[in-house]
Amino acid sequence: MAGWPWWLQVSLVFVVARLVSACIFMAAAIHQGTNPWFPPAPDYWNFVTIWDGRWYQEAADNGYPADLPVDANGVVKENAWAFYALFPLLGRGLSAITGIGTLPALTLIAMMAGLGAALVIFKLFREFAGRREAMWGVIFVSTFPVSAILQVPYAESLNLLLLSSSLLLVVRRHYLAAIPVVLLMCLSRPTGVPFAAMVGLLLLYRLWQRLRSTTLTPVVGGGGASAHTSTRSLLSLAALVVVTGLGALAWPAIAWAVTGDPAAYTRTETAWRGHDLVPFKPWFDTGRMLFGPVLGVLAPFVFTALFVLVMISKPVRAIGTELRLWCACYMGYLLVFLHPQTSTFRMLLPLFPLALGAVLLSKSKAYRGTVVAMFVLLQIVWVVWLWAWAPLPGGGDYPP
């Protein structure tokens, strides 16, 4: 395979990884019992369309409610506004063009977007590492314990494609070209806020670099072409910051415009939590639930400290300023807004640049092969434990 074109190698890696995930899905489906969607022991194509896939189908087929559904106490119930519009719109369009059902169309888009994401991720990793390391990075991403999500009708694969494309353009400093890609990303999943924070901090960093460079080595004669290019780059980055900030607010604003409720999106998101959004608090609540009243309060701080150690480690420093900023901002976003529960594993997928850091930790084939083997084993755990539906004593099941 060493002499094959890079895109063929990446495609083969992704397809093989998805076949492995398909085998895991099919094995789990055989043991699937009574559930809310279909008879026991469904086939593969039915089994991969459960959970949020049905919400995306609802959004594609019936759109979004003009009036938020509420219970007798006025609390907003679960509804389609929690699911961003780009993915279901693409599914609806493909269904109309081809005549296939909405769920098959969404599944096909997810798989193709996942393949596209793998190709872009390889090019992104090549900005910081050699071809072999970049390929191992793609292997890690493709076999990650929640990577099975890249072949089901969820928006994760589409968001991963748009996110990796946006990061590649930012790394290459094509800031204006990144604007339309970022806007699409903001309409695929809620990654606009951390991306806006990332490019905002990047702008401050570039301004500091410019000021420091000017202070240490004054430019004679007005700056010349180099200073002009730098100024133009800074202005382009500033434009990207503004547009990303607006894009991050676009979906909540659309929900407000349609429903007339300024908090329509956040009220819908918290319908799955059962309580209002209070920044940081859910992490401490979950910590106390898992580790007790004392260790539970300390757990979020320990987790944050461990993540900081990862970010300042030598292998992660090698992935570049932009990717490190993104990982830091996204994790910060999760710490502020996320309610940690079983879906948290899936929401870690946008931290995919850390896969390259994991590759650079060691050149040992035994180490890298062991990581892949453990990822596949944990993928089995994820599918059997979270994707397959089994009723809890109090009703319902943990979501994937």
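Residues in the range 353-376 that are farther than 20 Å from ARG132 by Cβ and surrounded by fewer than 16 Cβ atoms within 10 Å (Cβ to Cβ): MET374 only.
With respect to being in a helix (DSSP H, G or I), aromatic (Phe, Trp, Tyr) and over 28 Å from ILE254 (Cβ atoms), TRP326 falls outside the description. Within the set PRO282, PRO252, the sole residue that is under 21 Å from the mean Cα position of the chain (by Cα), modelled with pLDDT of 95 or more and surrounded by 13 or more Cβ atoms within 10 Å (Cβ to Cβ) turns out to be PRO252. Listed by first and then second residue, the pairs linking a residue in the range 73-102 that is farther than 19 Å from ALA248 by Cα to a residue that is surrounded by 14 or more Cβ atoms within 10 Å (Cβ to Cβ) and of a type in the set (Val, Ile, Thr), with Cβ atoms under 7 Å apart and 6 or more places separating them unless they lie on different chains, are VAL76/THR268; ASN79/THR268; LEU90/ILE109; GLY91/THR102; GLY91/ILE109; ARG92/THR102; LEU94/ILE109; SER95/THR102.
Answer yes if at least one residue in the range 54-61 is touching a residue at least 12 places away in the same chain (Cβ under 8 Å) and more than 24 Å from the chain's Cα centre (by Cα), and no otherwise. For the range 54-61, residues touching a residue at least 12 places away in the same chain (Cβ under 8 Å) and more than 24 Å from the chain's Cα centre (by Cα): present.
Within the range 103-112, at least one residue is touching a residue at least 60 places away in the same chain (Cβ under 8 Å) and in a helix (DSSP H, G or I).
The criterion of being crowded, with 18+ Cβ neighbours inside 10 Å and over 30 Å from LEU183 (Cβ atoms) holds for PHE47. Pairing residues of the range 6-23 that are under 16 Å from ALA373 (Cα atoms) with residues that are surrounded by 13 or more Cβ atoms within 10 Å (Cβ to Cβ) and of a type in the set (A, V, I, L, M), at Cβ distances under 6 Å and at least 6 apart in sequence or on separate chains, gives VAL13/VAL138; VAL13/ILE139; PHE14/LEU115; PHE14/ALA118; SER21/ALA148.
For (1) closer than 15 Å to VAL152 by Cβ; (2) outside any loop (DSSP other than H, G, I, E, B); (3) of a type outside the set (D, E, K, R), each residue gets a yes or a no:
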{"position": "CYS23", "(1), (2), (3)": "yes, yes, yes"}
{"position": "MET26", "(1), (2), (3)": "yes, yes, yes"}
{"position": "PRO36", "(1), (2), (3)": "no, no, yes"}
{"position": "ALA59", "(1), (2), (3)": "no, yes, yes"}
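Residue count for the range 88-108 satisfying the condition of being crowded, with 21+ Cβ neighbours inside 10 Å and of a type in the set (Val, Ile, Thr): 2.
No other residue among VAL171, VAL152 is among the β-branched types (Val, Ile, Thr), within 30 Å of LEU378 (Cα to Cα) and either out of contact with any His (no Cβ under 6 Å at 6 or more places or on another chain) or crowded, with 24+ Cβ neighbours inside 10 Å (or both) apart from VAL152. A single entry from PRO340, PRO399, PRO350, PRO315 fulfils the requirement of being surrounded by 15 or more Cβ atoms within 10 Å (Cβ to Cβ), assigned to a loop (DSSP other than H, G, I, E, B) and either touching a residue at least 24 places away in the same chain (Cβ under 8 Å) or among the basic types (Lys, Arg) (or both): PRO340.
Residues are listed down the side, and each one gets a yes or a no for (1) of a type outside the set (Gly, Ala, Ser); (2) touching a Ser or Thr at 6+ places or on another chain (Cβ under 9 Å); (3) surrounded by fewer than 20 Cβ atoms within 10 Å (Cβ to Cβ):
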| residue | (1), (2), (3) |
| --- | --- |
| GLY3 | no, no, yes |
| TRP6 | yes, no, yes |
| GLN9 | yes, no, yes |
| ALA22 | no, no, yes |
| ALA41 | no, no, yes |
| ARG54 | yes, no, yes |
| GLY74 | no, no, yes |
| LYS77 | yes, yes, yes |
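Is one or more of the residues making up the range 75-96 of a type in the set (Lys, Arg), part of a helix (DSSP H, G or I) and over 16 Å from VAL152 (Cβ atoms)? Checked against the condition, which is being of a type in the set (Lys, Arg), part of a helix (DSSP H, G or I) and over 16 Å from VAL152 (Cβ atoms), the range 75-96 yields at least one hit.
The values are calculated or read from the model by the stated rules, or taken from the named source; none is laboratory data. Note that this is a predicted model, so its numbers are computed, not measured. Neighbour counts are summed over all protein chains in view; Cβ atoms, including those assigned to glycine, are modelled from backbone coordinates with ideal geometry.
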